[in-house]
Amino acid sequence: MDLEKLKTIWDNYDEKLDETLEINRDLIKSLKMEKVRSKLKKFIIYRSLELLFTIFMISLLWDFAVSRIHEIQFVLPAVILSIFFIIGISGIVRQFVTIGMMDLSGPVIEIQKDLILLKTHILQVIRISILSVPFYMAYLIIGFEFFFNIDIINQFDELWLAANLIFSLLLVPVSIWLFLKLSYKNFNTRFVKKLLSFFSDVQIINSLNLIEEI
């Protein structure tokens, strides 16, 4: 076999090897993207259940407020909690819109950008939720009245009410600090990652990891 034939065979072999590697890369990408689709579907299911629960809670709060429309100690907490729940709904809707606009067959870098945008929307909802913590008394006021028919504003000890009011005020700077801490620039810190995972964001984090592998 002369050198020219050997070179031709070798070039053909290189070409077939490149084709095989390209096919393998496409196959790996396809498998990983299928996992991303699966995780996004799970995420949508979780968020859909959360959305239904939030709508249910708002309907209960409105019904509660209307039935006690002349009692400001009940109407005001119901309005405050409804505002936070409505903000939560808008956040979930933005997440659905972001997922709906994703093109999982497109460039990997664009998918990664969309997933990061989705994480941003999730983080915004968490930040708003944290700001609602100082208003925990609203839950107590409505809960005691709804389940036990007890008006804690008028029936509980003034010292107990004052202690809870002071505690609520102390929670304000803590909530503000957490709100500022949970920013986009801190996405990769351990604290933010754990908090995102705690709030059912593990599907998105895993999806991002798969995209980074691709």
Being closer than 16 Å to Phe43 by Cα, in a helix (DSSP H, G or I) and either of a type outside the set (Gly, Ala, Ser) or open to solvent by 50 Å² or more (accessible area, probe 1.4 Å) (or both) is the requirement here; does Leu140 meet it?
no
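Which residues, taken from the range 101-118, are of a type outside the set (Val, Ile, Thr) and either part of a helix (DSSP H, G or I) or touching a strand residue (DSSP E or B) at 6+ places or on another chain (Cβ under 6 Å) (or both)? Let's see the steps before the verdict.
Our first condition is that a residue be of a type outside the set (Val, Ile, Thr); within the range 101-118, this holds for 101-107, 110, 112-115, 117-118.
Once the filter is applied, which keeps residues that are of a type outside the set (Val, Ile, Thr) and either part of a helix (DSSP H, G or I) or touching a strand residue (DSSP E or B) at 6+ places or on another chain (Cβ under 6 Å) (or both), the range 101-118 yields Glu110, Gln112, Lys113, Asp114, Leu115, Leu117, Leu118.
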Give me a count of the residues in the range 112-161 that are more than 18 Å from Tyr184 (Cα to Cα) and touching a Ser or Thr at 6+ places or on another chain (Cβ under 9 Å).
7
Could you tell me which of the residues Val125, Val66, Val75 is in contact with a Gly (Cβ under 6 Å, 6 or more places away or on another chain), farther than 25 Å from Glu34 by Cβ and not polar (S, T, N, Q)?
Val125
Could you please tell me which pairs satisfy a Cβ distance under 6 Å, a separation of 6+ or placement on different chains, a first residue in the range 52-72 that is within 15 Å of Phe147 (Cβ to Cβ), and a second residue that is surrounded by 11 or more Cβ atoms within 10 Å (Cβ to Cβ) and not hydrophobic (A, V, I, L, M, F, W, C)?
Leu61/Ser82
Going through Leu180, Leu117, Leu159 one at a time, which residue ends up being open to solvent by 20 Å² or more (accessible area, probe 1.4 Å), farther than 30 Å from Arg37 by Cα and modelled with pLDDT under 90?
Leu180
For the range 53-108, which positions are open to solvent by 60 Å² or more (accessible area, probe 1.4 Å), over 24 Å from the mean Cα position of the chain (by Cα) and hydrophobic (A, V, I, L, M, F, W, C)?
Trp62, Val66, Ile69, Ile72, Leu76
Sole miss for Ile83 among (1) under 27 Å from Ile166 (Cβ atoms); (2) in a loop (DSSP other than H, G, I, E, B) is condition (2)
Looking at the range 120-137, which of the residues that are of a type in the set (S, T, N, Q) and assigned to a helix (DSSP H, G or I) is modelled with the highest pLDDT?
Ser129
Residues of the range 46-73 satisfying the condition of being among the basic types (Lys, Arg) and assigned to a helix (DSSP H, G or I)
Arg47
Based on what the data block shows, is Lys181 of a type in the set (D, E, K, R) and touching a Phe, Trp or Tyr at 6+ places or on another chain (Cβ under 8 Å)?
yes
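The values are calculated or read from the model by the stated rules, or taken from the named source; none is laboratory data. From a predicted model like this one, the values you see are computed outputs, not experimental measurements. Virtual Cβ from ideal backbone geometry, glycine too; neighbours counted across all protein chains shown. Side chains are part of the model used for accessible areas, which takes the heavy atoms of the whole protein and leaves out ligands, DNA and RNA. Shrake-Rupley method; radii C 1.70, N 1.55, O 1.52, S 1.80 Å.
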